[in-house]
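Heads up: the structure comes next, in structure tokens.
The values are calculated or read from the model by the stated rules, or taken from the named source; none is laboratory data. In this text the structure is predicted, and so the values were computed from the model without any measurement. Cβ: placed from backbone, ideal geometry, glycine included. Neighbour counts: every protein chain shown.
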Amino acid sequence: MSSRSPITCHILDTTCGKPAENVKCEISYIPSNGITSPSEVKPFGYAYTNQDGRIGSWNAANSTETFINAENNQWTKLVSGTYRIRYHTKDYFLKRDGTTFFPFIDIWFEVPAIPEKHYHVPLLLSNYGYSTYRGS
């Protein structure tokens, strides 16, 4: 996938001041009209951060699932609802001979009824803390 997805993310490792490369991330969705228990939410896409710590596009979670409003196997249209990005941080720190208090970090956010074209969710990460915000 070469084009940018409607939701992207970025991880900066604040312990070393560098992008966090090769971190698995999963994205999930809950429709606005029906709430599902967070434990029942399954990812519809996944990706690994690149050398700049960024994910610009997502892969389908498995062959039986498709992206929401997919066109040409690319996620191009955003729909309203609640989304979750799960950052798998434990594996990242274990590969760096480190430990972490957070085996994974879930960031939930809501896309309104009339969504903007793009949402960016950066994560500032260390072994024992993290911060996030809505990026541009």
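If you go through segment 92-136 and keep only what is in contact with a helix residue (DSSP H, G or I) (Cβ under 9 Å, 6 or more places away or on another chain), assigned to a loop (DSSP other than H, G, I, E, B) and not polar (S, T, N, Q), you end up with G98, F102, P103, F104.
Tallying residues that are exposed (fewer than 14 other Cβ atoms within 10 Å of the Cβ) and more than 12 Å from the chain's Cα centre (by Cα) within segment 38-49 yields 4.
The residues in segment 69-79 that are buried (at least 17 other Cβ atoms within 10 Å of the Cβ) and either within 14 Å of the chain's Cα centre (by Cα) or at pLDDT below 65 (or both) can be counted, and the count is 1.
Condition first: assigned to a strand (DSSP E or B) and at pLDDT 85 or above. Now tell me which residues in segment 21-46 satisfy that.
If the condition is that a residue be assigned to a strand (DSSP E or B) and at pLDDT 85 or above, then K24, C25, E26, I27, S28, Y29, P43, F44, G45, Y46 are the ones that fit.
Look at (1) modelled with pLDDT of 85 or more; (2) surrounded by fewer than 16 Cβ atoms within 10 Å (Cβ to Cβ); (3) small (G, A, S) and you find that A113 fails only one, number (1).
In segment 82-103, the residues that are within 21 Å of V121 (Cα to Cα) and at pLDDT 95 or above form Cβ pairs under 9 Å with partners that are among the acidic types (D, E) and in a helix (DSSP H, G or I), at six or more places apart or across chains, as follows: P103/D91.
Out of everything in segment 1-20 that is assigned to a loop (DSSP other than H, G, I, E, B) and not hydroxyl-bearing (S, T, Y), what residue ends up being nearest to G56 (Cα to Cα)?
R4
Look through segment 50-62, keep the residues that are at pLDDT 95 or above and of a type in the set (S, T, N, Q), and return whichever of them is surrounded by the fewest Cβ atoms within 10 Å (Cβ to Cβ). So the residue we want is Q51.
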